[in-house]
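Novice: Before we start, here is the structure in question, set down as structure tokens.
The values are calculated or read from the model by the stated rules, or taken from the named source; none is laboratory data. Fair warning: this is a prediction, and the values are worked out from it, not measured in the lab. Every residue, glycine as well, gets a Cβ built from its backbone with ideal geometry; the counts of neighbours run over all protein chains shown.
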Amino acid sequence: MSRAAPPSSILGRLLEAAGYRLEPRREATLAVRPKDHRAVLIVAANRSPAEVERWFPTDAVHRTIVYDDDPGATARDLAAARGIEIVEPSTLGAALAELLLPSPAAPSVAPADPRDDVALVPPLAVLPDGERIVRPRIGRPEAEALAGVDAPRYTLRLVPFYVAPYRVRPSSPHGAPGPVVDRLVAVNAVSRRAEVWEDGERELVGELAEPHQRLVPQLGESQAVAIATDAVRRHHTVDVEHTEQHAGALVIETRRMLPSTDDLRLGPMSLVYVPYWYAEGADGRVVLDAVTGRRAMTTDSLVG
């Protein structure tokens, strides 16, 4: 059974908090983010993409129509032909992360070779003293709308992550050393899963006014370093084509090249808490990322 879409007012507040400028109209709500020229149009399902395309700004780089119900295969085909993304209630949760987080910037290139002992100063060090918390973009009303389940209890829990800046030089597609890339790696200190963050895509604060619970880390910093190193190497793996001649035939072999440990520098780890909404009821539990609105895997040990 498909879930109902959250009210456009709630989705509008989420987009506004993520840097979009709202332009309410009688038939729709247009949200435009000047920073990366993304445009999101929130409309009713009876509106054809061909009809509403003219409402997008001419300089929009990425155009998305969010429908309040499934618009049907014809609308999806029309949108695809025009390069427009279609989002409806059943796909909204997965699409929110991309819509709310900033588009990844071009990898920053450092002139220094990572083999040099370049000091990596973690971006988190500029924060005031105290515990570091990722500021949630989604409050309880938005969580209730996005969860789409009958859950009498909503709890905001802070999940610990070990976060570190890193510098890596991955190989280019032809095997030569590529440009140096600087990013952040975050290791979930409960589930042991790692993910790569773009610098600046999450706002960090010292405390939250919203009542919350705090989960306890289940691994130490040294374990997080090993998990982070492995995750960064896998994330920056590239396919390199190797060409050879065999008996007059040209043979092209594709090899997967991980950055060597010499081509990676991991900075100091900092413990950061990431907010998640837990919707719990008689039928089970739904866990939502309070920054992106994305559903977490309920079978993951993240949910504790």
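Novice: Can you tell me which condition Pro259 does not meet? The list is (1) surrounded by fewer than 21 Cβ atoms within 10 Å (Cβ to Cβ); (2) modelled with pLDDT of 80 or more; (3) not β-branched (Val, Ile, Thr), and all the others hold.
Specialist: That leaves (1) as the condition not met.
Novice: Right, here's the next one. Which of the residues that make up the range 131-147 are at pLDDT below 85 and either surrounded by fewer than 20 Cβ atoms within 10 Å (Cβ to Cβ) or out of contact with any strand residue (DSSP E or B) (no Cβ under 8 Å at 6 or more places or on another chain) (or both)?
Specialist: Selection gives Glu131, Glu144, Ala145.
Novice: Restricting to the range 272-283, give me the number of residues that are touching a helix residue (DSSP H, G or I) at 6+ places or on another chain (Cβ under 8 Å) and either outside the structural domain of Glu142 (by TED's automatic domain parsing) or under 20 Å from Ala164 (Cβ atoms) (or both).
Specialist: The qualifying residues number 1.
Novice: Going by the structure shown, is Ser90 out of contact with any helix residue (DSSP H, G or I) (no Cβ under 9 Å at 6 or more places or on another chain) and of a type in the set (Ser, Thr, Tyr)?
Specialist: In short, yes.
Novice: Run down Gln218, Gln213 and say which single residue is out of contact with any strand residue (DSSP E or B) (no Cβ under 8 Å at 6 or more places or on another chain), modelled with pLDDT of 85 or more and either surrounded by 11 or more Cβ atoms within 10 Å (Cβ to Cβ) or polar (S, T, N, Q) (or both).
Specialist: Of Gln218, Gln213, the one residue that is out of contact with any strand residue (DSSP E or B) (no Cβ under 8 Å at 6 or more places or on another chain), modelled with pLDDT of 85 or more and either surrounded by 11 or more Cβ atoms within 10 Å (Cβ to Cβ) or polar (S, T, N, Q) (or both) is Gln218.
Novice: Take the range 34-78 and flag every residue that is among the basic types (Lys, Arg) and over 23 Å from Ala97 (Cα atoms).
Specialist: Hits for the range 34-78 are Arg47, Arg54.
Novice: Can we say Ala194 is of a type in the set (Gly, Ala, Ser) and within 16 Å of Val291 (Cα to Cα)?
Specialist: no
Novice: If you don't mind, there's one more thing I want to ask. For the range 153-166, does any single residue satisfy the condition of being in a loop (DSSP other than H, G, I, E, B), surrounded by fewer than 17 Cβ atoms within 10 Å (Cβ to Cβ) and not aliphatic (A, V, I, L, M)?
Specialist: For the range 153-166, residues in a loop (DSSP other than H, G, I, E, B), surrounded by fewer than 17 Cβ atoms within 10 Å (Cβ to Cβ) and not aliphatic (A, V, I, L, M): absent.
Novice: Taking into account only those residues within the range 1-55 that are at pLDDT 85 or above and among the hydroxyl-bearing types (Ser, Thr, Tyr), which is farthest from Ala147 (Cα to Cα)?
Specialist: That would be Ser48.
Novice: Quick check: anything in the range 185-204 under 24 Å from Met269 (Cα atoms), in contact with an Asp or Glu (Cβ under 7 Å, 6 or more places away or on another chain), surrounded by 14 or more Cβ atoms within 10 Å (Cβ to Cβ) and at pLDDT 90 or above?
Specialist: Scanning the range 185-204 turns up at least one residue that is under 24 Å from Met269 (Cα atoms), in contact with an Asp or Glu (Cβ under 7 Å, 6 or more places away or on another chain), surrounded by 14 or more Cβ atoms within 10 Å (Cβ to Cβ) and at pLDDT 90 or above.
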